[in-house]
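First the structure, in the form of structure tokens, and then the observations on it.
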Amino acid sequence: MELLAILLFFSIFLLILYGYPVSLTLGGISVIYAVCFLDPISYTALPSRIMGTMTNYVLLAVPLFIFMGIMLEKSKLAENMLETMSMLFGRMRGGLAISVVIVGALLAASTGIVGATVVTMGLISLPTMLKRGYNPELATGVIASSGTLGQIIPPSVVLVLLGSVLNVSVGDLFKAAIIPGGLLVSMYILYIIVVANLKPEWAPAIPAEEIKSFRADKYFWRRIIGAFLLPFVLILSVLGSIFAGIATPTEAAAVGALGATILTIFAPYFVPSQKEKPNKLSWSMLQSVMEETTHLTSMVFLILLGATTFTFVFRSMGGDTFLVDLINDANLSPSLFLLLVMVVVFIAGFFIDFIEIIFIIVPVVAPIFIELDMNLIWIGILLALNLQTSFLSPPFGFSLFYLKGVAPPGITTGHIYRGIVPFVLIQLVFLAGVALFPDVVLFLLD
């Protein structure tokens with residue numbers, strides 16, 4: 001029976017790689033195995049297990065954070081942030097690239113949706129960087145890596161889902177991710193500064209005349225407030241309410257959704273001199289945001305239903321017990337087992353989306369981490385960082401495909417692959433550092 005559970009896992013994984021729908025494969029194959037190999041009496045527990053998952057209060061944060069991110073994207077606030085930031089850093093070499101990283105971090109803290117962030121940054125910043133003489137490899141590497149910061153910087157949908165699967169506090173995961181997220185952004189910026197000084201022609205400064213014209217704009221301060229102060233207030237209201245214990249992650253997500261809507265209402269006032277002003281809040285925009293939110297949320301929860309069925313059947317067959325016994329019999333140390341899981345997740349990230357990894361692989365290994373008495377908050381952050389790295393890694397990194405889809409005709413796949421390599425190395429070094437020094441993650445939780 002235990003070997004059948006392992007066969008169930010690999011058969012689902014192979015069918016997903018073959019191209020079958022994830023949610024239907026997870027649920028359908030699991031039900032077939034249950035009908036063939038389990039006692040029918042055990043089926044009675046499945047409906048209550050599914051309803052327990054679907055009524056999980058924490059998971060309400062997922063559609064609310066998705067709504068918040070899509071609303072900010074539709075309002076074009078991201079464009080205003082990038083344009084304003086690039087002018088503020090424009091005097092220094094690599095200033096535009098640094099502004100892309102910072103705006104990517106702000107968008108990550110505002111949306112947590114990787115695909116939307118990469119596409120938005122690619123459409124807005126890549127043509128501008130190329131026009132200003134940036135090296136194509138550096139430009140694409142900066143955009144792809146900055147766009148994936150939503151995997152680790154809270155409020156992140158990835159962390160919400162990991163918290164649900166690992167059965168740990170989402171608020172604690174958000175706290176634990178603050179320092180790693182900030183350090184990773186700093187490492188990106190440091191790399192850009194070094195490259196810009198070693199190879200000035202790769203990252204030229206913006207002409208002084210343009211910066212002078214920008215600062216002479218009579219609406220200068222209004223644009224600064226609209227680009228930074230208001231999004232910062234939104235981020236602070238979401239994360240601050242969680243960390244202060246005023247609101248749960250779900251309640252804070254509702255605050256974020258409402259705050260993003262209010263920002264969209266007032267956005268045109270703060271960028272009056274832009275040629276393309278932010279979109280005003282309208283019924284058609286609201287309808288579009290709600291449709292996209294419903295689509296993404298339905299996808300996540302349909303996969304969650306299938307994953308719940310898979311986890312139930314896998315554990316009913318004794319798959320989790322078999323794996324724990326296998327690890328114990330192999331005398332694998334906790335560190336070696338962690339390394340094995342990280343390698344598997346990293347490779348899986350080339351082929352399947354982070355949602356499938358969280359709902360297929362993490363439930364299988366979580367009981368073993370518990371058995372080995374490992375800190376699940378630390379494990380959750382390592383998994384989030386690992387998923388972020390796999391999103392960037394050639395040849396199948398999802399972020400690379402997102403960027404290629406919106407890149408100008410002159411940008412080749414080779415440009416994107418070569419450009420991302422230094423950032424993948426930074427990610428791997430940083431991931432190893434967090435694994436070796438857990439206090440980086442646990443410091444704010446003490």
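Where a number appears in this text, it was derived from the coordinates with a stated rule and is not lab data. Just so it is clear, the structure is predicted and the values come from calculations on it, not from any experiment. Quick reminder, even Gly has a Cβ in these numbers, built from the backbone with ideal geometry, and neighbours come from all protein chains shown.
List of remarks:
- When each of TYR33, TYR43, TYR417, TYR188 is scored by the number of other beta-carbon atoms lying within 10 Å, the sequence from fewest to most is TYR43, TYR417, TYR33, TYR188.
- Size descriptors for the stretch 306-401, from the alpha-carbon set: Rg then Dmax equal 13.9, 42 Å.
- Pairwise centroid distance, computed over Cα atoms, of the stretch 41-113 with the stretch 222-254, Å: 13
- Here THR120, THR55, THR84, THR261 are placed in order of increasing Cβ neighbour count within 10 Å, fewest first, which gives THR55, THR261, THR84, THR120.
- Summed side-chain charge close to GLY133 - residues other than GLY133 whose Cβ falls under 14 Å, Lys, Arg +1, Asp, Glu -1: +1
- Helix-only [θ]222 nm of the chain, DSSP H runs n ≥ 4, -39500 (n - 2.57) each, per residue, nearest 500: -25000 deg cm²/dmol
- Exceedance of the 27 Å cut-off in Cα-Cα distance is limited, within the set LYS76/LYS218; LYS74/LYS212; LYS212/LYS280; LYS76/LYS199, to LYS74/LYS212; LYS212/LYS280; LYS76/LYS199.
- Rounded to the nearest 20, the size of the Cβ-charge dipole of the stretch 2-445 about its Cα centre is 1800 debye, with Lys and Arg at +1 and Asp and Glu at -1.
- Distances between every pair of Cα atoms in the chain, grouped in 20 Å steps from 0 to the bin holding the largest one, split as 25, 56, 18, 2 percent.
- At least 27 Å along the helix axis (C-alpha) and Kyte average at least -0.5, DSSP helices within the chain: 170-198, 249-270, 283-316, 413-436
- Inter-part distance where the stretch 310-389 and the stretch 421-446 are each reduced to a Cα centre, Å: 18
- Each peptide in 175-181, 407-413, 92-98, 1-7 was scored by the mean count of other Cβ atoms within 10 Å over its residues; highest first, the order is 92-98, 175-181, 1-7, 407-413.
- Ascending count of other beta-carbon atoms within 10 Å, so fewest first, for HIS415, HIS295: HIS295, HIS415
- Contact order for the chain, expressed relative to its length and based on alpha carbon pairs under 8 Å spaced 6+ residues apart, stands at 27 percent.
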